[in-house]
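I have placed the structure first, in the form of structure tokens, so that the comments after it can refer back to it.
Every number here is computed from the coordinates shown, using simple stated rules; none is lab data. Keep in mind that this is a model prediction, so the values were computed, not measured. All Cβ positions, glycine included, derive from the backbone under ideal geometry; neighbour counts span all protein chains shown.
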Amino acid sequence: MQNIFQFIIPAAIIGFVLYRRIRRSIGFQLYKQRRLIVRMSIFSILFVLILGVSFSHPISLLYDFLGAAAGGLTLMYAIRKSLFEMKEDGLYYRTHIWIESFILFVFLSRFIYRFTNWGSFSQSAAVAGSNPNQVNMAFTSDPISRAVFFLLAVYYIGFYFYVWKKGKTLLQETESKPTIQI
């Protein structure tokens with residue numbers, strides 16, 4: 001019975017996180033300045049840390065650059081297709097449904113791939129033994145995951161920054177408009 005819970009509890013947590021991620025990715029999202037800044041900060045910190053590790057494996061920089069370039073192209077298209085809408089309870093934003101779907105597909109497909117291949121991944125790390133260089137190589141040897149991370153990081157940092165700046169501008173314009181009372 002305890003063995004079943006070892007799999008059910010992590011699967012339920014992962015399922016909940018994925019559900020929230022999917023729910024937040026599609027449709028209009030409420031503009032919350034603090035949330036955008038926190039997300040930009042987290043992605044920026046991870047971006048810098050992983051980029052720092054790349055210098056110990058120079059070939060990784062190529063995949064980092066390719067992922068960042070793909071993220072930049074996706075970001076440019078997303079900015080052109082972004083919509084903002086003022087509702088009674090605040091400002092909402094979203095980008096084109098195809099961009100949202102693409103980003104979600106990239107994230108989920110890589111997540112599922114890494115999750116389903118976790119057994120072979122953890123075995124390769126265990127085989128590497130206690131040598132830190134071999135263990136490090138086992139964790140940094142997947143260039144597709146690196147490229148996907150940099151695609152997502154550049155996209156989210158740029159998109160959240162754009163939404164943050166545009167949202168501030170729109171809210172200031174809305175506050176400065178005179179209200180007409182009848």
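The phi-based Karplus calculation (6.51 cos²θ - 1.76 cosθ + 1.60; θ = phi - 60°) puts the 3J(HN,Hα) values of the range 82-89 at 6, 10, 10, 9, 8, 10, 4, 9 Hz, whole numbers, x for Gly and Pro. On the beta carbon distance between Ile8 and Leu108, with R0 = 25 Å, the FRET formula returns roughly 0.75. Karplus-derived 3J(HN,Hα) values for the range 159-170, using 6.51 cos²θ - 1.76 cosθ + 1.60 with θ = phi - 60°, are 5, 5, 5, 4, 5, 4, 5, 5, x, 4, 4, 5 Hz; glycine and proline are entered as x.
Extension gain for Ile97-Ile59 works out to 10.3 nm (0.36 nm per residue, less the C-alpha to C-alpha distance).
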